[in-house]
1. Considering only residues that are touching a residue at least 24 places away in the same chain (Cβ under 8 Å) and in a loop (DSSP other than H, G, I, E, B), look in segment 71-82 and name the one that is nearest to Pro94 (Cα to Cα).
2. Within segment 10-33, does at least one residue satisfy the condition of being among the hydroxyl-bearing types (Ser, Thr, Tyr) and modelled with pLDDT under 80?
3. Identify all residues within segment 119-158 that are under 23 Å from the mean Cα position of the chain (by Cα), more than 17 Å from Ala169 (Cβ to Cβ) and not aliphatic (A, V, I, L, M); write none if there are none.
4. Checking the condition at pLDDT 90 or above, small (Gly, Ala, Ser) and part of a helix (DSSP H, G or I), which residue from Ala147, Ala131, Ala111 passes?
5. Here are some conditions: (1) within 26 Å of Ala57 (Cα to Cα); (2) in a helix (DSSP H, G or I); (3) modelled with pLDDT under 85. Lys164 meets all but one. Which one does it not meet?
6. Determine if segment 50-68 includes at least one residue that is of a type outside the set (A, V, I, L, M, F, W, C), modelled with pLDDT of 90 or more, crowded, with 17+ Cβ neighbours inside 10 Å and part of a strand (DSSP E or B).
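The values are calculated or read from the model by the stated rules, or taken from the named source; none is laboratory data. Note that the structure is a prediction, hence the values are computed from the model and not measured. Methodologically, a virtual Cβ is constructed for each residue, glycine included, from the backbone with ideal geometry; neighbour enumeration extends over all protein chains shown.
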Amino acid sequence: MTRQRRGANTSGRRFGALDHHPLPEHLVPMAKLPPRIKVFRTRIGFHDWVVATSSQANALEAWDISRNLFATGEAEITDDPKEIELALSNIGKPVAVPKSVSKSRGAEKSAAAASTWPPEGLAKPAHRALANAKIASLKQLAAKREAEVVELHGMGPNGVAVLKRVLKASGLWFKK
């Protein structure tokens, strides 16, 4: 008679399978819940688009876009109730936002972008680069040349793109 090791699997199933305690019927549907749904928005061409999906990667795939719009701040999670309702009506499919909804949203976003420092969507190395260069406001940023800002250690192309967008929204630009 051969001796079996303690805990050895003799059933032919994967080790640790719960073959003697199956889930009760009323718990089976709960074990297969869908992933958490979020609503994302972006501007493509002349239209704002929203999509309800579980991840940023799925949103980019639904919009048929290969570059990461979230990294550059061109796409975001939305909290607008009208946009959320619109996106949830077609989960996983991009939906164009009517202009009546997107006009007021754009004005709010521009005003908010112009008043916040440091700008939202700016990576931590870019934050540190601005702090080390003693740039603490949009006016101080506008007093610098774009080439000077690009040369700062920690400032990458995405950081420059975010800064340009914030300057433009506030009616400013880099020094010539």
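1. Filtering segment 71-82 for residues touching a residue at least 24 places away in the same chain (Cβ under 8 Å) gives 71-78, 80.
Now narrow it down to the ones that are in a loop (DSSP other than H, G, I, E, B): 71-74, 78, 80.
On the way: Ala71: 19, Thr72: 20, Gly73: 18, Glu74: 16, Thr78: 14, Asp80: 16 Å.
Per the criteria, the residue is Thr78.
2. The initial filter retains those residues of segment 10-33 that are among the hydroxyl-bearing types (Ser, Thr, Tyr), namely 10-11.
Remaining after also requiring modelled with pLDDT under 80: 10-11.
Looking for residues that are among the hydroxyl-bearing types (Ser, Thr, Tyr) and modelled with pLDDT under 80, one finds at least one in segment 10-33, hence yes.
3. Correct list: Lys124, Pro125, His127, Arg128, Gly154, Gly156, Pro157.
4. Details: Ala131 fails: at pLDDT 90 or above; Ala111 fails: at pLDDT 90 or above.
Just one listed residue meets the conditions, Ala147.
5. Condition (3) is where Lys164 drops out.
6. yes
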